[in-house]
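No value in this document is a laboratory result; all are computed from the given coordinates. Nothing here was measured: the structure is a model prediction, and the numbers come from that model. A quick note on method: Cβ atoms are made from the backbone with ideal geometry, for glycine too, and the neighbour counts reach across all protein chains shown.
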Amino acid sequence: MGNYAFSALDTVGSDADLHYLTGRILQLLHGHDRRMPDIEVCYGKLRRAGWQSWPQAEAIGAVFDALWHDLLTHDPAHERVDTLLCALGSAEDTIAPRLSRWAELDGEIAIRRLHEFVTRDCGHKEGLLLPHNAFWDRTSPTYRELVAWLNGPALRAVTTAFDRNDDPDLLEVLADIHGLLVINQ
C-alpha cells in the first residue's frame, strides 16, 4: 500500500482508485506504518483527487479535526506539529480555522506546541518567520495563511495567553515564543 500511496495519481491509479483506498491509507499513515510515505505527500494527493467532493468528505474532515485536536491537547501528540500542519495545508482549502483554534492557546500543550513549532520548525528570512517543512507549496494560499498568522495574530495570541497565565514555567515558554515572534514586528 505504501508504494501505491506514494505513486498515486502520478504514475499509478486514478482519482477513483485513491477514493476507494483513502480509508485504509489514512489508517496506515496514522498507524505509523514505516512502509507508508510522508503524510504531507498523501494529503496533497487527496486534494488533487478532490476529496472534498466525495461522499466521505465529512468523515475525512473528522479525521483531520481529530488529529488537530490531539495535537493541541495530548502529549505526546500523534503527529509532529510541522508535519500535521503542512499535511493539512496540502489537503484543505484553508487552515485559518485551525490557526484560530490554536491561537486560543487555552492549555499548556497548545502553548508548548507553538513553542516547539517556532523554535524547531521555523526560521527567520527576509524579516519573516517562515516554516521549514520542505513539503510546503510556498505558493499555496494555506502557506500564505500560516506565514501571515506567524507574523501577526500569533504574537497577539501569545500576549493574551501571557496575561491570563500565572504558571512560571508556562510564562517562561510564552516569553520565549514572544521573543521569537516580536523580532518580525
Nitroxide proxy distance, nm - points 7 Å out along Cα→Cβ at R48 and D106: 3.7 nm
Per-residue HN-Hα couplings for the range 122-129 [Karplus 6.51, -1.76, 1.60; θ = phi - 60°; Hz; x = Gly/Pro]: 9, x, 8, 8, 6, x, 10, 8
Stretchable slack from D176 to L21, in nm (0.36 nm times residue separation minus alpha-carbon distance): 51.5 nm
Which of Q27, H78, F64, positive extreme of dipole for the range 25-114 (C-beta unit charges): Q27
The range 60-183: C-alpha pair distances exceeding 17 Å, %: 54 percent
Most fluctuating residue given options P131, P168, P153, as computed from a GNM of the chain linking Cα atoms under 10 Å: P168
Nearest 10 degrees, 0 to 90: helix 15-30 Cα axis against the chain principal axis: 50 degrees
For the range 1-112, average projected area of the Cα convex hull in nm²: 6.6 nm²
Relative contact order %, the chain, counting alpha carbon pairs below 8 Å whose residues are six or more apart: 19 percent
Estimated dipole of the range 60-183 in Debye, rounded to 20 [Cβ of Lys and Arg +1, of Asp and Glu -1, Cα centre]: 440 debye
